[in-house]
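Below is one structure, written out as C-alpha cells; the observations come after it.
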Amino acid sequence: MNTQNASTSLLARALLASLFLISGFGKLAAPAATKAYIVYAGLPLPDLAYLVAVVVEVGFGLALLAGYRTHVVAALMALFAVATALAFHDHFGDQNQFIHFLKNLAIAGGLLQVAATGAGAYSLDALRQRHRALA
C-alpha cells in the first residue's frame, strides 16, 4: 500500500471513529439521560443497552481509530449503526428522522468498506502482520 492510500485509510478510520467516540463520551457524561432516551425509544433492558452502546462507541471506536482487529470491529460497528437506525430513527414521516436513518446507513456502508479492505498500513493490524512476517 502506498503512502497516499495508507494516509487515506487512516483518515477514513479517524473520521468514522470520531462520530462514535464523541457520542460514546457524551453517553458516559450523561448516563441517566441516555438510559431515559433508550426507554423512550421502547427498547428493553436500558442498562444493558447503555453498556453495549458505550462499549461499541468508545471501545470499538478506539479500536477502529488504532486499526486493531479492524475487519471484525468495523463489521460489528456497521451492525450497530443499522440497529440504532432502526431503533431510534424509524419515524420516516419526519424528514429529519429519515435523514438520520439514511446517515446511519451511510455510516454502516463506510464501516463495511473498512471491514472489507482493512485498516491500511498505519494501523495496529499492519504492525501485527509485519511482526508475524518477521517471526
> How would you order 21-29, 69-77, 89-97 from highest to lowest mean count of nearby Cβ atoms within 10 Å?
Replying inline: 69-77, 21-29, 89-97
> For the chain, with every protein chain kept in place, what is the accessible area per residue (1.4 Å probe, Å²)?
Replying inline: 59
>> Can you match semi-axes √(5λ) of the Cα gyration tensor in Å to one of these, [x] 24, 20, 13; [y] 31, 17, 11; [z] 28, 15, 12, based on a calculation from the structure here?
In response: [y]
>> Between ILE22 and VAL39, what is 0.36 nm times their sequence separation minus the Cα-Cα distance? Round to one decimal in nm.
In response: 4.0 nm
> When ranked by the protection proxy of mean other Cβ atoms within 10 Å per residue, highest first, what sequence do the peptides 3-9, 79-85, 98-104 form?
Replying inline: 79-85, 98-104, 3-9
>> Test of understanding: what is the full-extension gain from VAL52 to ALA135, defined as 0.36 nm times their sequence separation minus their Cα-Cα distance?
In response: 26.2 nm
> When the dipole is taken about the Cα centre of the chain, and only Lys, Arg (+1) and Asp, Glu (-1) are charged at their Cβ, what size is it in debye, to the nearest 20?
Replying inline: 480
> Which value in nm describes the separation of the simple spin-label points at ALA75 and PHE98, placed 7 Å from the Cα toward the beta carbon?
Replying inline: 3.3
> Given Cα pairs under 8 Å that are at least 6 residues apart, what percent is the relative contact order of the range 57-135?
Replying inline: 38
>> Tell me the carbon and sulfur percent of the accessible area for the range 1-94, rounded to whole percent, probe radius 1.4 Å.
In response: 73
> What FRET efficiency do you get for ALA83 and ARG128 if R0 is 41 Å and r is their Cβ-Cβ distance, rounded to the nearest 0.05?
Replying inline: 0.90
> For the chain, what's the relative contact order in percent, using C-alpha pairs closer than 8 Å and at least 6 residues apart?
Replying inline: 31
>> I'd like the Karplus ³J(HN,Hα) series for the range 55-65: coefficients 6.51, -1.76, 1.60, θ = phi - 60°, whole numbers in Hz, and an x wherever there's a Gly or Pro.
In response: 4, 5, 6, 8, x, 5, x, 5, 5, 5, 4
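The values are calculated or read from the model by the stated rules, or taken from the named source; none is laboratory data. These figures come from a predicted structure and were not determined experimentally. Note that we place each Cβ from the backbone using ideal geometry, even for glycine, and neighbour counts take in every protein chain shown. Note: areas computed on protein heavy atoms with side chains; ligands, DNA, RNA excluded. Shrake-Rupley method; radii C 1.70, N 1.55, O 1.52, S 1.80 Å.
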